[in-house]
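> Pasting in a structure now, in C-alpha coordinates, and then I'll have a few things to ask.
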Amino acid sequence: MFISFEGIEGSGKSTQIELIEELIRAKGYQVKKLREPGTTELGEKIRNIFLEKTTETVDPITEAFLLYASRKHLDQNFLRQNLSDGAIVIADRYADATLAYQSYGKGLDHNFVKLIHDSSQLLSPDLTFYMDISAELSRERISDREMDRMESESIDFFKKVREGYLQIAHDNPERVVVLDAKKTIDELHESIKKIISNKLNVSLD
Ligand code: TMP
(Lines give C-alpha, C1' and ligand atoms only; values in the text may rest on other atoms or scores of the structure.)
Protein backbone atom coordinates (compact mmCIF):
# COMPACT_ATOMS: atom_id res chain seq x y z
CA MET A 1 0.00 0.00 0.00
CA PHE A 2 1.21 3.44 -0.98
CA ILE A 3 0.11 6.34 1.26
CA SER A 4 1.08 9.97 0.67
CA PHE A 5 0.86 13.05 2.87
CA GLU A 6 0.46 16.51 1.37
CA GLY A 7 0.09 20.02 2.72
CA ILE A 8 1.71 23.43 2.67
CA GLU A 9 4.63 24.25 4.96
CA GLY A 10 3.90 23.91 8.67
CA SER A 11 0.83 21.69 8.21
CA GLY A 12 2.25 19.04 10.54
CA LYS A 13 2.80 16.31 7.93
CA SER A 14 6.12 15.16 9.33
CA THR A 15 4.77 14.76 12.87
CA GLN A 16 1.81 12.70 11.65
CA ILE A 17 4.02 10.59 9.40
CA GLU A 18 6.31 9.75 12.32
CA LEU A 19 3.40 8.83 14.60
CA ILE A 20 1.64 6.61 12.09
CA GLU A 21 4.87 5.01 10.92
CA GLU A 22 5.68 3.97 14.48
CA LEU A 23 2.20 2.56 15.01
CA ILE A 24 2.04 0.59 11.76
CA ARG A 25 5.52 -0.80 12.38
CA ALA A 26 4.50 -1.85 15.89
CA LYS A 27 1.69 -3.90 14.30
CA GLY A 28 4.30 -5.91 12.45
CA TYR A 29 4.09 -4.32 9.02
CA GLN A 30 7.17 -3.38 7.08
CA VAL A 31 7.12 0.39 6.57
CA LYS A 32 9.27 2.46 4.20
CA LYS A 33 9.27 6.25 4.21
CA LEU A 34 10.15 8.54 1.37
CA ARG A 35 10.35 12.27 0.87
CA GLU A 36 10.04 14.23 -2.31
CA PRO A 37 12.06 15.51 -3.92
CA GLY A 38 14.72 13.22 -2.49
CA THR A 39 15.09 9.79 -0.82
CA THR A 40 17.44 8.19 -3.37
CA GLU A 41 21.07 9.27 -3.69
CA LEU A 42 20.33 11.11 -6.92
CA GLY A 43 17.03 12.46 -5.57
CA GLU A 44 18.69 14.00 -2.51
CA LYS A 45 21.16 15.82 -4.81
CA ILE A 46 18.23 17.14 -6.85
CA ARG A 47 16.52 18.17 -3.60
CA ASN A 48 19.51 20.32 -2.66
CA ILE A 49 19.56 21.97 -6.08
CA PHE A 50 15.79 22.48 -5.96
CA LEU A 51 15.65 24.05 -2.50
CA GLU A 52 18.85 26.08 -2.53
CA LYS A 53 18.30 29.84 -2.74
CA THR A 54 19.62 31.38 -5.94
CA THR A 55 19.73 34.86 -7.43
CA GLU A 56 18.68 33.34 -10.77
CA THR A 57 15.03 32.99 -11.72
CA VAL A 58 13.89 29.37 -11.70
CA ASP A 59 11.05 28.82 -14.15
CA PRO A 60 8.30 26.38 -13.08
CA ILE A 61 9.12 24.27 -16.17
CA THR A 62 12.69 23.92 -14.87
CA GLU A 63 11.29 23.01 -11.46
CA ALA A 64 8.95 20.41 -12.96
CA PHE A 65 11.82 18.74 -14.85
CA LEU A 66 13.94 18.60 -11.69
CA LEU A 67 11.02 17.15 -9.71
CA TYR A 68 10.13 14.56 -12.34
CA ALA A 69 13.78 13.53 -12.73
CA SER A 70 13.81 12.81 -8.99
CA ARG A 71 10.37 11.15 -9.08
CA LYS A 72 11.08 8.81 -11.99
CA HIS A 73 14.36 7.77 -10.40
CA LEU A 74 12.55 7.17 -7.10
CA ASP A 75 9.94 5.05 -8.85
CA GLN A 76 12.62 2.85 -10.39
CA ASN A 77 15.01 2.66 -7.44
CA PHE A 78 12.78 2.67 -4.38
CA LEU A 79 9.05 2.67 -4.78
CA ARG A 80 8.24 -0.34 -6.97
CA GLN A 81 10.71 -2.63 -5.23
CA ASN A 82 9.45 -1.80 -1.74
CA LEU A 83 5.80 -2.14 -2.73
CA SER A 84 6.42 -5.49 -4.38
CA ASP A 85 8.27 -6.63 -1.23
CA GLY A 86 4.99 -5.97 0.60
CA ALA A 87 6.04 -2.82 2.45
CA ILE A 88 3.64 0.00 3.31
CA VAL A 89 5.23 3.04 1.73
CA ILE A 90 4.55 6.42 3.33
CA ALA A 91 5.43 9.44 1.22
CA ASP A 92 6.12 12.92 2.54
CA ARG A 93 4.72 14.54 -0.64
CA TYR A 94 4.31 13.03 -4.09
CA ALA A 95 3.01 14.05 -7.51
CA ASP A 96 0.05 16.11 -6.20
CA ALA A 97 2.67 18.57 -4.94
CA THR A 98 3.79 19.40 -8.48
CA LEU A 99 0.23 20.16 -9.52
CA ALA A 100 -0.35 22.22 -6.37
CA TYR A 101 2.97 24.15 -6.29
CA GLN A 102 4.14 24.42 -9.90
CA SER A 103 0.76 24.41 -11.62
CA TYR A 104 -1.78 26.04 -9.27
CA GLY A 105 0.89 28.04 -7.42
CA LYS A 106 3.19 29.14 -10.25
CA GLY A 107 0.86 28.92 -13.22
CA LEU A 108 2.49 26.01 -15.05
CA ASP A 109 0.10 24.53 -17.62
CA HIS A 110 -1.80 21.57 -16.09
CA ASN A 111 -1.58 19.72 -19.41
CA PHE A 112 2.19 19.99 -19.38
CA VAL A 113 2.35 18.43 -15.90
CA LYS A 114 -0.11 15.75 -16.96
CA LEU A 115 1.99 15.00 -20.04
CA ILE A 116 5.27 14.53 -18.15
CA HIS A 117 3.46 12.65 -15.39
CA ASP A 118 1.75 10.22 -17.77
CA SER A 119 4.87 9.81 -19.90
CA SER A 120 6.89 8.91 -16.80
CA GLN A 121 4.54 5.96 -16.15
CA LEU A 122 4.48 6.33 -12.38
CA LEU A 123 2.45 4.64 -9.69
CA SER A 124 -0.30 6.52 -7.87
CA PRO A 125 -0.84 6.53 -4.10
CA ASP A 126 -3.72 4.34 -2.88
CA LEU A 127 -4.52 6.93 -0.22
CA THR A 128 -3.53 10.58 0.26
CA PHE A 129 -3.95 12.72 3.36
CA TYR A 130 -4.07 16.42 2.59
CA MET A 131 -3.46 18.40 5.78
CA ASP A 132 -5.22 21.71 5.30
CA ILE A 133 -4.13 24.97 6.94
CA SER A 134 -4.40 28.58 5.82
CA ALA A 135 -1.43 30.34 4.24
CA GLU A 136 -1.45 32.75 7.19
CA LEU A 137 -1.19 29.97 9.78
CA SER A 138 1.51 28.30 7.70
CA ARG A 139 3.56 31.51 7.72
CA GLU A 140 3.09 31.87 11.47
CA ARG A 141 4.20 28.27 12.10
CA ILE A 142 7.38 28.48 10.01
CA SER A 143 8.40 32.04 10.80
CA ASP A 144 11.24 30.98 13.12
CA ARG A 145 12.86 28.66 10.49
CA GLU A 146 15.63 29.61 8.17
CA MET A 147 13.61 29.54 4.95
CA ASP A 148 14.67 27.68 1.79
CA ARG A 149 13.93 28.81 -1.79
CA MET A 150 10.33 27.54 -1.76
CA GLU A 151 9.50 28.61 1.79
CA SER A 152 10.60 32.14 0.84
CA GLU A 153 7.70 32.44 -1.64
CA SER A 154 4.95 35.00 -0.90
CA ILE A 155 1.83 34.37 1.16
CA ASP A 156 -0.23 34.83 -2.03
CA PHE A 157 1.67 31.94 -3.60
CA PHE A 158 0.81 29.69 -0.64
CA LYS A 159 -2.84 30.76 -0.88
CA LYS A 160 -2.85 29.53 -4.48
CA VAL A 161 -1.10 26.28 -3.53
CA ARG A 162 -3.71 25.66 -0.82
CA GLU A 163 -6.56 26.32 -3.26
CA GLY A 164 -4.84 23.93 -5.65
CA TYR A 165 -4.68 21.17 -3.05
CA LEU A 166 -8.36 21.67 -2.22
CA GLN A 167 -9.20 21.40 -5.92
CA ILE A 168 -7.10 18.22 -6.26
CA ALA A 169 -8.94 16.75 -3.26
CA HIS A 170 -12.27 17.73 -4.80
CA ASP A 171 -11.29 16.09 -8.10
CA ASN A 172 -10.07 12.85 -6.44
CA PRO A 173 -12.52 12.12 -3.61
CA GLU A 174 -11.88 8.35 -3.77
CA ARG A 175 -8.18 8.86 -2.94
CA VAL A 176 -7.69 12.15 -1.09
CA VAL A 177 -8.83 12.72 2.50
CA VAL A 178 -8.83 16.36 3.66
CA LEU A 179 -7.85 16.84 7.31
CA ASP A 180 -8.28 20.06 9.23
CA ALA A 181 -4.66 20.53 10.31
CA LYS A 182 -5.64 23.13 12.95
CA LYS A 183 -6.79 20.19 15.09
CA THR A 184 -4.50 18.80 17.79
CA ILE A 185 -1.77 16.29 17.02
CA ASP A 186 -3.74 13.58 18.87
CA GLU A 187 -7.02 14.28 17.09
CA LEU A 188 -5.32 14.18 13.70
CA HIS A 189 -3.47 10.99 14.58
CA GLU A 190 -6.75 9.33 15.62
CA SER A 191 -8.41 10.23 12.29
CA ILE A 192 -5.43 9.03 10.26
CA LYS A 193 -5.29 5.80 12.28
CA LYS A 194 -8.99 5.06 11.68
CA ILE A 195 -8.80 5.69 7.95
CA ILE A 196 -5.69 3.56 7.49
CA SER A 197 -7.18 0.76 9.66
CA ASN A 198 -10.21 0.68 7.39
CA LYS A 199 -8.07 0.59 4.27
CA LEU A 200 -5.74 -2.11 5.64
CA ASN A 201 -8.62 -3.90 7.24
CA VAL A 202 -6.71 -4.27 10.47
CA SER A 203 -7.00 -2.77 13.95
CA LEU A 204 -4.27 -0.25 14.78
CA ASP A 205 -5.57 0.32 18.36
P1 TMP B 1 9.56 19.83 2.34
O2 TMP B 1 8.96 18.57 1.83
O3 TMP B 1 10.67 19.63 3.28
O4 TMP B 1 8.52 20.78 2.83
O5 TMP B 1 10.27 20.57 1.10
C6 TMP B 1 9.94 20.37 -0.19
C7 TMP B 1 9.57 21.68 -0.86
O8 TMP B 1 9.45 21.43 -2.25
C9 TMP B 1 8.26 22.27 -0.41
O10 TMP B 1 8.36 23.67 -0.39
C11 TMP B 1 7.31 21.88 -1.51
C12 TMP B 1 8.19 21.85 -2.73
N13 TMP B 1 7.75 20.92 -3.77
C14 TMP B 1 7.27 21.42 -4.96
O15 TMP B 1 7.25 22.63 -5.17
N16 TMP B 1 6.81 20.55 -5.89
C17 TMP B 1 6.84 19.19 -5.69
O18 TMP B 1 6.41 18.43 -6.58
C19 TMP B 1 7.37 18.69 -4.45
C20 TMP B 1 7.42 17.21 -4.21
C21 TMP B 1 7.81 19.58 -3.52
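> Rounded, prolate or oblate: which fits the range 1-64 when a ≥ b ≥ c are the square roots of the eigenvalues of the alpha-carbon gyration tensor, with rounded for a/c under 1.5 and prolate only if a/b beats b/c?
Working: a/c = 3.06, a/b = 2.14, b/c = 1.43.
Cα axes put the range 1-64 in the prolate bin.
> So, one more: Determine the per residue accessible area of the chain with all protein chains present and a 1.4 angstrom probe, expressed in square angstrom. Display every interim value, and only then the final one.
Working: 10300 Å² over 205 residues.
Value returned for the chain: 50 Å² of accessible area per residue.
> Still on this structure, please answer the following. Express the relative contact order of the chain as a whole percentage, based on alpha carbon pairs under 8 Å and six or more residues apart in sequence.
On the way: 287 pairs, mean separation 67.6, N = 205.
Relative CO of the chain lands at 33 percent.
> Now, a different point. Under 1.5 on a/c is rounded, so check that first for the range 46-205, then, if it is not, pick prolate when a/b is larger than b/c and oblate when it is not; a ≥ b ≥ c are the square roots of the alpha carbon gyration tensor eigenvalues. Show your work: numbers first, answer last.
Values: a/c = 1.72, a/b = 1.18, b/c = 1.45.
Taking the square roots of the gyration eigenvalues as a ≥ b ≥ c, the range 46-205 is oblate.
> Pick from Thr40, Thr55, Thr184: which residue has the top mean-square fluctuation in a GNM of the chain where Cα pairs under 10 Å get a spring?
Comparing Thr40, Thr55, Thr184 in a Gaussian network model of the chain, the most mobile one is Thr55.
> Still on this model: Using a 10 angstrom cutoff on alpha carbons, build the Gaussian network for the chain and name the most mobile of Leu23, Leu108, Leu74.
Leu23
> Please give the peptides 13-21, 143-151, 56-64 ranked by average Cβ packing (other Cβ atoms within 10 Å per residue), highest first, as a rough proxy for protection. Intermediate results must be reported in sequence, preceding the final value.
Values: 13-21: 17.9, 143-151: 12.1, 56-64: 14.2.
Descending packing order for the listed peptides: 13-21, 56-64, 143-151.
> In addition: Enumerate the amide H contacts of Ala91 below 5 Å, restricted to partners 5 or more residues apart or on another chain; note that Pro and chain-start residues carry no placed amide H.
Counting only residues 5 or more places away or on other chains, the set is Ile3, Ser4, Phe5, Leu34.
> What are the ³J(HN,Hα) couplings of the range 121-130, residue after residue, when phi is run through the Karplus curve with 6.51, -1.76, 1.60 and θ = phi - 60°? Round to Hz, x for glycine and proline.
6, 9, 7, 10, x, 6, 8, 10, 9, 9
> Separate question: What FRET efficiency, computed as 1/(1 + (r/R0)^6) with R0 = 25 Å and r the Cβ-Cβ distance, is obtained for Asp186 and Gln30, rounded to the nearest 0.05? Spell out each step's value before the answer.
Values: r = 26 Å, r/R0 = 1.03.
Efficiency at R0 = 25 Å is approximately 0.45.
> Turning to a different aspect of this structure: With a point put 7 Å past each Cα toward its Cβ, work out how far Asn201 is from Lys72 in nm, to one decimal.
Simple spin-label model gives 3.7 nm for this pair.
> Would you mind pulling out the separation of the Cα centroids of the range 103-142 and the range 2-29, in Å?
When both Cα centres are located, 18 Å separates them.
> Read phi for every residue in the range 190-205 and hand back ³J(HN,Hα) as whole Hz from Karplus 6.51 cos²θ - 1.76 cosθ + 1.60, θ = phi - 60°, with x for Gly and Pro.
Rounded to whole hertz, the list is 4, 4, 4, 4, 4, 5, 5, 4, 4, 5, 7, 6, 8, 7, 9, 6.
> Okay, moving on. So how much slack lies between Thr62 and Asn172, counting 0.36 nm per residue of separation and subtracting their Cα-Cα distance, in nm?
Details: separation 110, 0.36 × 110 = 39.60 nm, distance 2.67 nm.
The Thr62-Asn172 span can extend by a further 36.9 nm.
> As a test of the formula, what do you get for the chain when each DSSP H run with n ≥ 4 contributes -39,500 (n - 2.57) and the sum is divided by the residue count, at 222 nm and rounded to the nearest 500 deg cm²/dmol? Present the calculation step by step, with values, prior to reporting the outcome.
Working: 8 runs with 97 residues, N = 205.
The helix contribution divided over the chain gives -14500 deg cm²/dmol.
> How do the peptides 152-164, 113-125 rank, highest first, by the average count of neighbouring beta carbon atoms within 10 Å per residue?
Working: 152-164: 16.8, 113-125: 14.1.
Final packing ranking: 152-164, 113-125.
The values are calculated or read from the model by the stated rules, or taken from the named source; none is laboratory data. Note that this is a predicted model, so its numbers are computed, not measured. We place every Cβ from the backbone using ideal geometry, glycine too, and count neighbours over all the protein chains shown. For the accessible areas, the whole protein counts, side chains as well, though only heavy atoms, and no ligand, DNA or RNA atoms are used. Shrake-Rupley method; radii C 1.70, N 1.55, O 1.52, S 1.80 Å.
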